[in-house]
Amino acid sequence: MSHFAAQRLENLPPYLFAEIDRKKAELEAEGHDVISLGIGDPDKPTPNHIVDAMAAAIRNPKNHHYPSYAGSPAYRKACAQFMKTRFGVEVDPATQVLAMIGSKEGIAHLFPAFVDPGAYTLIPGVGYPVYSGGAILNDSLSHWMPMTEENGFLADFESTPDDIVAKAQMMIISYPNNPTGVAADPEYFDRAIAYAKAHNLLLIHDNAYCDVAYDGFKPTSILERPGAMDCCLEFFSTSKSYNMTGWRCAFVAGNTEAIKTFGVVKSNIDSGIFTAVQDAAIEAFTGPQDEIANMVALYQHRRDLVMATLDKMGIRYAYTKGTIFMWARVPEGYTSAEYAEKVLMEAHVIVAAGTAYGPDGEGWFRMSLACEDDRLVEALDRMSKL
Ligand SMILES: *Cc1c(COP(=O)(O)O)cnc(C)c1O
């Protein structure tokens, strides 16, 4: 670690993709064609009507000033409308919604807002790396809730030891789930709410894939469930719903007191989302929604291709109900990291080792469905020849 680095940075895990990136560059320099199924960034562009709204908004001088910290009133109203039309959930735009510069920013700032140094956050045994990284950067601790094939990849908060939950202030869950692709039923959310209330935890639900679900399945908002407004914050993002990962635009909704606290922390750190981007997101939330169905149909087609290939290869996998990922079992005799390296070196395909997402990822690897059809078919063909 560099001399110019705080000691806490030594606790961050090594960046697993760094080695993969290096090998990829080597292979490409040797003239090999490397296909990446490693990243979770939609391959299709943002819908035109949203881009057009941005083009108009950027010419409005009113948008050239510092934005509102909390999000413009019109943006928060559109967020509330999204909650109402998607889930039938009523939230007050003035006190129960806050704009986020992408969910990633919001999740990282949960820790300074809600968790004291040395206190615990209960996080999923495999999950979005910002959950554990955010805790480390705040000098607080994580307890990995078991998340295994046996428990259906539903993070098992009930097994948390008493002495740990006594020192916990927050718990994070996320369904449809990155990296496993599984969904949770309303009963699971109800148990999580009851547990959070019993132990005075702020319960976070990261709902990044609320619009990316298959076989007609409609994901739940935790805020639909009774009692959720007493103890929950839920994150939504334009990133996966509208192919807007580059725009950095999301929001959080839920408990009034927590929203207020969160606003205090954020107003000390950032100055909100560029107002023109908020205007474009209003168009995303309130304009035509038909592109979502096309996007889901495309991913579902790819998911089915991948599942058929894995079946042929005799590789077991979690059944993807939502998200843009497949979570599959590493063949006997390899660790996750060894298998990811073998796939890269011999098939020239990048997959993500399961351990990049947490301790329960050992023995698994993740494939992204955000890859053009012909490239995906080519990657699967190469993998099945291994
Ligand atoms: C993609 C993703 C997000 C979205 O992050 P943004 O910062 O809004 O782009 C949040 N959580 C999970 C689990 C994700 O996979």
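Summarising the amide proton neighbourhood of Ser36: residues at separation of 5 or more, or on other chains, whose placed amide H is nearer than 5 Å comprise Ile350. For the chain, the Kirkwood hydrodynamic radius from C-alpha pairs, put into Stokes-Einstein at 25 °C and a viscosity of 0.890 mPa s, yields a diffusion coefficient of 113 µm² per second.
How long is the gain from Ala56 to Phe4 if the chain were fully straight, where each residue apart is worth 0.36 nm and the alpha carbon distance is subtracted? Please report the intermediate quantities before stating the final value.
Values: separation 52, 0.36 × 52 = 18.72 nm, distance 4.36 nm.
Value of the extension gain: 14.4 nm.
Once neighbouring chains are kept in place and the probe is 1.4 Å, which whole percent of the accessible area of the range 94-175 is contributed by carbon and sulfur? Walk me through the numbers on the way to the answer.
Details: 1590 of 2790 Å².
About 57 percent, which is the carbon plus sulfur part of the accessible surface.
Just want to confirm a number: the relative contact order over the chain, from Cα pairs under 8 angstrom separated by 6+ residues, in percent.
Values: 726 pairs, mean separation 92.7, N = 386.
Relative contact order for the chain comes out at 24 percent.
For Lys342, the lysines whose Cα comes closer than 26 Å to its Cα, not counting residues fewer than 8 places off in the same chain, are Lys23, Lys24, Lys312, Lys385.
With a Förster radius of 41 Å applied to the C-beta separation of Lys260 and Arg375, the computed FRET efficiency comes to 0.30.
Packing-based ranking of 279-285, 45-51 yields 279-285, 45-51, ordered from highest to lowest mean Cβ neighbour count within 10 Å.
Solvent-accessible area per residue for the chain at a 1.4 Å probe radius, Å²? Don't skip to the answer; put the middle values down first.
Values: 16530 Å² over 386 residues.
Value returned for the chain: 43 Å² of accessible area per residue.
Helical content alone sets the calculated 222 nm signal of the chain at -12000 deg cm²/dmol, taking -39,500 (n - 2.57) per DSSP H segment of four or more residues and averaging over every residue.
The values are calculated or read from the model by the stated rules, or taken from the named source; none is laboratory data. Model, not experiment: these values are computed from the prediction. So basically every Cβ, Gly included, is an ideal-geometry build from the backbone, and we count neighbours across all protein chains shown. With ligands, DNA and RNA removed, areas are computed over all heavy atoms of the protein, side chains included. Shrake-Rupley method; radii C 1.70, N 1.55, O 1.52, S 1.80 Å.
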